Each structure stands twice: as structure tokens, then as C-alpha cells.
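To start, the structure under review is shown below, and the notes come after it.
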Amino acid sequence: MPYYNNLAILCRLAPGSPVSIWIDHSGFITTYFQFTNDHQAAFSGGSLGGGLTYINVNQLVAVKVGA
């Protein structure tokens, strides 16, 4: 049930919150949370570069809040 756990964490964060996300076999990627929309989350900056990056929440293995 990581989908619901990750979504619950993300829905409580303020835009611009620093997070580390784990997608597939990438290891943790440091970035900034922006918002959720249905089953997607938007991140920007950090290791993801500029602009918004949309990721399906069900692709997230783990979310770590903070730098």
C-alpha cells in the first residue's frame, strides 16, 4: 500500500517543501514538492532540474521529507 502512504504524506506538505523521492531503482532523488493532482505529484528543482516534473504517485517507492 505504498500508494496511499505516499499520497497521505504528500497531501500534508506545503508547496516548496524539500523532499527526497525514490522512483524504481534510482535511489533517493532530492527535489522540492509542489502539489498533487489526482494520482500525480509535481516536483521541481534539485536533482530534477528546472521546471515541473509530474510523477504518478504509484511509481514512488518511498518519500522522505526534509533535506
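For the chain, what does the helix formula give at 222 nm: sum of -39500 (n - 2.57) over DSSP H segments with n ≥ 4, over the residue count, nearest 500 deg cm²/dmol? List each step's numbers first, then the result.
On the way: 1 runs with 10 residues, N = 67.
-4500 deg cm²/dmol, from helical runs alone.
In order along region 38-45, the phi-based Karplus estimate (6.51 cos²θ - 1.76 cosθ + 1.60, θ = phi - 60°) of 3J(HN,Hα) comes to 6, 9, 10, 10, 10, 10, 8, x Hz; Gly and Pro are listed as x. Taking amide H as placed 1.01 Å from N in the peptide plane, S17 has its amide H under 5 Å from the amide H of F33, each at least 5 places away in sequence or on another chain. Spin-label model, V65/Q40: points 7 Å from Cα along the beta carbon direction are separated by 2.5 nm.
The loop-placed chymotrypsin sites (Phe, Trp or Tyr not before Pro) in region 14-67, going by DSSP, include none that has at most 15 neighbouring Cβ atoms within 10 Å of its Cβ.
Computing FRET efficiency as 1/(1 + (r/R0)^6) for S26 and N58, where r is the C-beta to C-beta distance and R0 is 22 Å, gives about 0.90.
Temperature 25 °C, viscosity 0.890 mPa s: under these conditions the Stokes-Einstein estimate for the chain, based on its Kirkwood radius over C-alpha pairs, is 214 µm² per second. The string of couplings for region 59-65 from the Karplus curve (6.51, -1.76, 1.60, θ = phi - 60°) is 8, 7, 7, 7, 10, 10, 8 Hz, one whole number per residue in order, with x for Gly and Pro.
For the chain, the relative contact order is 36 percent, taking Cα pairs closer than 8 Å that sit 6 or more residues apart in sequence and dividing their mean separation by the residue count.
Less than 5 angstrom separates the built amide H of A62 from those of W22, all sequence-distant by 5 or more or on a different chain. At an R0 of 22 angstrom, the distance between the Cβ atoms of L48 and A14 translates into a FRET efficiency of 0.75.
Values quoted throughout were computed directly from the atomic coordinates according to the rules given, and no laboratory measurement underlies them. Here the structure is a predicted model, which is why all the values come from computation and not from measurement. Glycine also receives a Cβ, built like all others from the backbone with ideal geometry; neighbour counts cover every protein chain displayed.
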